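Some notes on the structure that comes next.
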Number of protein chains: 2
Amino acid sequence: MEKKFQAIYDLLAKEIQTEKIKAGQLLPSENELTERFATSRETVRKALQLLSQNGYIQKLQGKGSVVLEQDKLPLPVSGLTSFKELSRSMSQKVETCVTSLSCKKARGFIQQVLQCEEGTPIWELHRLRKLDGESVIYDKDFLLKELAPGITEEIAADSIYDYLEQELGLSISYAKKEVVVEEAQAEDKAIMDLGSYQQLVVVRSAVYLEDTTLFQYTESKHRPDKFRFVDFARRTK
Amino acid sequence: MEKKFQAIYDLLAKEIQTEKIKAGQLLPSENELTERFATSRETVRKALQLLSQNGYIQKLQGKGSVVLEQDKLPLPVSGLTSFKELSRSMSQKVETCVTSLSCKKARGFIQQVLQCEEGTPIWELHRLRKLDGESVIYDKDFLLKELAPGITEEIAADSIYDYLEQELGLSISYAKKEVVVEEAQAEDKAIMDLGSYQQLVVVRSAVYLEDTTLFQYTESKHRPDKFRFVDFARRTK
DNA sequence: GAGTGGTCTAGACCACGAG
DNA sequence: TCGTGGTCTAGACCACTCT
């Protein structure tokens, strides 16, 4: 059974997305929502907190909850951004080409970032992403084989996350990301359509499961003109 | 009086930062914390939720709350990032030089992004940021004069946010940000120390107050080698 | 079975905004 | 003054982990 506060969140989020409740309008008051959903106020407030965190509403003491503009939030923002989500923002044709899928023993750099024993089996996956026929994103993934034994090229060409969560029941919980700009390497120039671009936007991320296991390390290189990152952030404190 | 859940959060966050409780260890259980702080469990849980959101802990059902590694989180990340915070991550000497501070009537592009009436008085502020003597960041700020009438070059050289929040009592609430890479303009090349760099990382942000007023629009251009963005993100849903 | 976190309830009092 | 959201309480029951 779905949790109550999640159900309330889903319903209100949908009403905002479909503009059944428009930007600038007030949501029904917490007391009203409490009655409407036959629940307690704290439960309603959990749903509203989620809406607030995700940029749907702004709460105003003494007034109510105002619906915010939705327009410029094409990205899931501070959620875990997989390539599938990134490309949606570009609204273009997308192709994924698996250029390499191999199993290695952890050592050196990879062992260090995945924080595992030397010799631990690791999947190394290289993928080239094409937008409108141009190879503009190059991903290198490293993941613990133990946790995802059955990866295939077909799965890799789609979304690894979907496979992990839906097939294997693994729960991805959080990630640390770093975005920097670096010189394109010889390998990058050989495999990507860089034209005259000499630099790449590099997104490095470490992905963790619910039990805090570091499960995946990814290096994603983007041709600068095809890179865009959007964020919605609330002031902490 | 400080809120209880905030006080609990502050105390636990400090204990984690100072490694009084080390990474990998469990926090005291919610029931224990409830007793220790002489409060209710829901209040303790609010504090723990904040810790979780900010990457301090990971909650494990049936086990407890594990403290996470703090090492690689030099940036406040998904908080509102002002320049002051950004530069801290570089651990270098920082200088801010106000190159221009003027008052204009809103029109055209600026009027549009600030969503105000034509002719509304607007501060336009240009700042050059130097790291180790090199001009590597160029900020252009536009803000509603009405809300921050007393801006001076001295204030602008420090942190505008501090002035707004501490002097004027304005509460910054949330922001939308976009990060892209663009060609350096003639103006950028003239005013920044770009060397052979032809491209810049551009961070555009819209800053909103608690009452959802759009208050500030900023364009921040970074020389690519001095740009770094770090993020901690939880999987939504 | 005992202890943990996850969800939910039905109240209470407070601070703030608007009329 | 009244309705709004913000905080807090003292319970309850559930799902999960560990032994």
For A:184-194, mean number of other protein chain Cβ atoms within 10 Å: 0
Protein-only accessible surface order, largest first, of A:R36, B:R234, B:R223 at 1.4 Å: A:R36, B:R234, B:R223
Angle in degrees between helix B:41-53 and the longest Cα principal axis of chain B, rounded to the nearest 10: 40 degrees
Entries in A:K22/A:K63; A:K145/A:K177; A:K59/B:K46; A:K130/B:K176; B:K14/B:K130; B:K105/B:K226 that, when Cα-Cα distance is taken, lie over 25 Å: A:K130/B:K176; B:K14/B:K130; B:K105/B:K226
Loop-resident sites, segment A:156-237, for GluC sites (Glu not before Pro), counting at most 16 other Cβ within 10 Å (DSSP): A:E210
Copy-to-copy label separations for A:A190, where each label sits 7 Å from Cα toward Cβ, in nm and ascending: 4.4
For B:Y161, solvent-accessible area (1.4 Å; no DNA, RNA or ligand), Å²: 30 Å²
Using alpha-carbon coordinates, inclination of helix B:4-17 to the longest axis of chain B, degrees: 90 degrees
Simple label model, 7 Å out from Cα along Cβ direction - B:C97 to A:K3, nm: 5.2 nm
Heavy atoms of A:S29: accessible area, 1.4 Å probe, square angstrom to 10: 60 Å²
Partner aspartates and glutamates for A:K104 [C-alpha distance under 18 Å; skip if fewer than 8 residues away on the same chain]: A:E117, A:E118, A:E124, A:D139, A:D141, A:E146, A:E153, A:E219
Per-residue mean of C-beta atoms belonging to partner chains within 10 Å, peptide A:170-180: 6
For A:G150, inter-copy label distances in nm, listed shortest first [label point 7 Å out on the Cα-Cβ vector]: 6.8
Packing-based ranking, highest mean first, of A:40-49, A:59-68 given that Cβ atoms within 10 Å are counted: A:40-49, A:59-68
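The values are calculated or read from the model by the stated rules, or taken from the named source; none is laboratory data. The structure presented is a predicted model; accordingly, all values stated were derived computationally and were not measured. So basically every Cβ, Gly included, is an ideal-geometry build from the backbone, and we count neighbours across all protein chains shown. Keep in mind that these areas ignore ligands, DNA and RNA; they rest on the heavy atoms of the full protein, side chains included. Shrake-Rupley method; radii C 1.70, N 1.55, O 1.52, S 1.80 Å.
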